[in-house]
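Only the coordinates and a few stated rules stand behind these numbers; no lab work does. Just so we're clear, the structure is a prediction, and the values are computed from it rather than from any experiment. With ideal geometry, Cβ positions are generated from the backbone for all residues, glycine too; neighbour counts draw on all protein chains shown.
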Amino acid sequence: MKFFLDTAEVEEIRKAVELGICDGVTTNPSLIMKSGRDQKEVILEIAKIVSGPISAEAISEDAEGMVKEAEEFASWAPNIVIKVPMTKEGLKAVRTLKQKNIPTNVTLVFSASQALLAAKAGAAYVSPFVGRLDDISKDGMELVEEIMDIFDNYDFETQVIVASVRDPIHVTESAMLGADIATIPAKVIEKMWKHPLTDKGIAQFLADYEKSKK
Ligand code: G3P
């Protein structure tokens, strides 16, 4: 299973790279806005430290505009993936970009039928948004399970990126379902390290070590 960092904060990415847990990065316009920086500047900086796939999102609403943006983004670095929204125009762009060998990540996927259409159009990745489904009292992980079953049935090459991850449980459940990738905010990775019994155990061992010193 691969871990992507879901952030446009370069320092967060640098720390995950140092720990060996950053196989790629996803960004979106909201994350870029939060970083307070320009998209190109951020993506170029990320590309210097991450050799895995880096998703940059196109904001045009028509296929032609998306393809134009994609061609520009793809010229920034060899590992850029174009995030395209799950719309008819988005899927048209996916098809054209596939023919141009530019990989796409179809984003804002909320149903298995959307994921199936994206795979058929030739998306390299689909991103079901689990947290946003949980927000409306639907089980986001059920969607991941459905998509995994469908893709396994037909050997689609499209990889599943579990997105809108809000909690370590989303990550472990993704792993249990065999999802290819989870794209994880840095604050969720922080929670993944932590266990009170680990902290308690370390404190106890250190105290006992001090007592055993002659
Ligand atoms: O990868 C998509 C992600 O950034 C959306 O997350 O928390 O805004 O639903 P969230």
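Could you grab me the full set of residues in segment 125-149 that are crowded, with 22+ Cβ neighbours inside 10 Å and either of a type in the set (Gly, Ala, Ser) or on the phi > 0 side of the Ramachandran plot (or both)?
Listed by number, the residues that qualify are Ser127, Gly140.
Just to be sure I understand, how many residues within segment 12-30 are under 15 Å from Asn79 (Cβ atoms) and either of a type outside the set (Ser, Thr, Tyr) or more than 15 Å from the ligand (Cβ to nearest atom) (or both)?
Here the count works out to 6.
Pull up segment 158-213, narrow it to residues that are of a type in the set (Lys, Arg) and part of a loop (DSSP other than H, G, I, E, B), then point me to the one that is nearest to Ile54 (Cα to Cα).
Among those that are of a type in the set (Lys, Arg) and part of a loop (DSSP other than H, G, I, E, B), it is Arg166.
Inside segment 31-124, counting only strands (runs of 3 or more DSSP E) that do not spill past its ends, which hold 2 or more residues that are within 16 Å of the ligand (Cβ to nearest atom) and out of contact with any helix residue (DSSP H, G or I) (no Cβ under 8 Å at 6 or more places or on another chain)?
Where strands (runs of 3 or more DSSP E) fall fully within segment 31-124 and carry at least 2 residues being within 16 Å of the ligand (Cβ to nearest atom) and out of contact with any helix residue (DSSP H, G or I) (no Cβ under 8 Å at 6 or more places or on another chain), they are 80-85, 104-109.
Filter segment 167-199 down to the residues that are of a type in the set (D, E, K, R) and over 13 Å from the mean Cα position of the chain (by Cα) and list them by number.
Result: Asp167, Glu173, Lys187, Glu190, Lys191, Lys194, Asp199.
Could you check how many residues of segment 137-181 are within 13 Å of the ligand (Cβ to nearest atom) and either of a type in the set (Asp, Glu) or closer than 24 Å to Leu91 by Cβ (or both)?
Of the residues in segment 137-181, 8 are within 13 Å of the ligand (Cβ to nearest atom) and either of a type in the set (Asp, Glu) or closer than 24 Å to Leu91 by Cβ (or both).
Can you pull out every residue in segment 174-214 that is over 19 Å from Ala115 (Cα atoms) and touching a residue at least 24 places away in the same chain (Cβ under 8 Å)?
Listed by number, the residues that qualify are Ile184, Pro185, Ala186, Ile189, Lys191, Met192.
Which one of these does Val25 not meet: (1) more than 21 Å from Val126 (Cβ to Cβ); (2) in contact with a helix residue (DSSP H, G or I) (Cβ under 9 Å, 6 or more places away or on another chain)?
With respect to (1) more than 21 Å from Val126 (Cβ to Cβ); (2) in contact with a helix residue (DSSP H, G or I) (Cβ under 9 Å, 6 or more places away or on another chain), Val25 is out only on (1).
Could you check, for segment 101-113, whether at least one of its residues is farther than 19 Å from Ile80 by Cα, touching a residue at least 24 places away in the same chain (Cβ under 8 Å) and of a type outside the set (A, V, I, L, M)?
For segment 101-113, residues farther than 19 Å from Ile80 by Cα, touching a residue at least 24 places away in the same chain (Cβ under 8 Å) and of a type outside the set (A, V, I, L, M): present.
Quick check: is even one residue across segment 91-103 within 19 Å of Lys2 (Cβ to Cβ) and aliphatic (A, V, I, L, M)?
no
Please identify the pairs in which a residue from segment 150-173 that is on the phi > 0 side of the Ramachandran plot has its Cβ atom under 6 Å from the Cβ atom of a residue that is within 16 Å of the ligand (Cβ to nearest atom), counting only partners at least 6 apart or on another chain.
Matching pairs, first to second residue: Ser164/Phe129; Ser164/Val130; Ser164/Gly131; Ser164/Arg132.
Yes or no: Ile32 of a type in the set (A, V, I, L, M, F, W, C), over 22 Å from Asp180 (Cβ atoms) and crowded, with 17+ Cβ neighbours inside 10 Å?
Judged against the criteria, Ile32 is a match.
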